[in-house]
Amino acid sequence: MRQGGEADGDWNTGYGASSVDGGSEAPRERDGRQQLRRHVQDDRHLFGIQGADTRCKDQTLQVLAVCDEEGMERVSSFHLADKDPAPESDPLSMPTTPPQPQEEVHAAELERTFIAIKPDGVQRGLIAEIISRFERKGYKLVAIKLVVPSNEFAQQHYHDLKERPFFSGLCDFLSSGPVLAMVWEGEGVIKYGRKLIGATDPQKSEPGTIRGDLAVVVGRNIIHGSDGPETAKDEIDLWFSPTELISYANNAEKWIYGVN
């Protein structure tokens, strides 16, 4: 604020009076003085020994009023100035506008695994229960069919166990009734699909797993799942033709993986 009758010539309104006390004044200066006097008289409760600011649309009208011997206010000086610039931001202060969340960049590495509900799981009516567990996890079903495999087909499926003494019993059981064959797709579906299924022996399966919750003995453990990427590829190729595998976009994936 300027004191002692100094003038500020940078006026958008054209006023340039140095003081309202004495001296010759141009018409524009007198008009400016009269407007300010009216303003002071209308708002005299704002004035006293202290100065006051009157806010304009684009600028601040800074006015200093003092009292004379009769207690009347007199305008000592005034000038227009740009409104106060925005204060420098304090790095410790909270932002007035919350930061916008950045979109998560996530490249989902999707893989596929073979899952089969064995004849005991089908006969016990556990199809919906088992499918729902994979769906709730966030995996996508890309192939499904109900088949009754032959004994020869079962031998192909268990070919890596043909030297085991229980090989014949496995093949007989798998070919004893309908099997629900499925292919599930998702990130980490091979490894985590095995965790959803549980240990081969239901007695050693953790509660919350499919076998831990729904099976009792190892000979009736209701479900099969591929144990690795190579096994998954071989079993998918054995049970499904390429035309039976469906590739499609699932609207839920952006909520599961953060991919738009």
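The values are calculated or read from the model by the stated rules, or taken from the named source; none is laboratory data. Note that this is a predicted model, so its numbers are computed, not measured. Using ideal geometry, Cβ is built from the backbone for each residue, glycine included, and neighbour counts are taken over all protein chains shown.
Would it be correct to say that Ser132 is over 47 Å from the mean Cα position of the chain (by Cα) and not charged (D, E, K, R)?
no
Within region 197-227, restricting attention to residues that are β-branched (Val, Ile, Thr) and within 19 Å of Leu174 (Cβ to Cβ), which residue is surrounded by the fewest Cβ atoms within 10 Å (Cβ to Cβ)?
Of all residues in region 197-227, those β-branched (Val, Ile, Thr) come to 197, 200, 209-210, 216-218, 222-223.
Adding the requirement that they be within 19 Å of Leu174 (Cβ to Cβ) leaves 197, 200, 210, 216-218, 222-223.
Working: Ile197: 24, Thr200: 13, Ile210: 26, Val216: 11, Val217: 9, Val218: 15, Ile222: 23, Ile223: 22.
Among them, the one singled out is Val217.
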Name the residue that is surrounded by the fewest Cβ atoms within 10 Å (Cβ to Cβ), counting only residues in region 126-182 that are more than 22 Å from Arg112 (Cα to Cα) and hydroxyl-bearing (Ser, Thr, Tyr).
Ser150
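Against the definition (over 24 Å from Glu253 (Cβ atoms), out of contact with any strand residue (DSSP E or B) (no Cβ under 6 Å at 6 or more places or on another chain) and hydroxyl-bearing (Ser, Thr, Tyr)), how does Ser150 come out, yes or no?
Taking the combined requirement at face value, the residue satisfies it.
Under the condition of being more than 19 Å from Lys145 (Cβ to Cβ) and of a type in the set (S, T, N, Q), which residue from region 228-260 is modelled with the highest pLDDT?
Within region 228-260, the match that is modelled with the highest pLDDT is Thr231.
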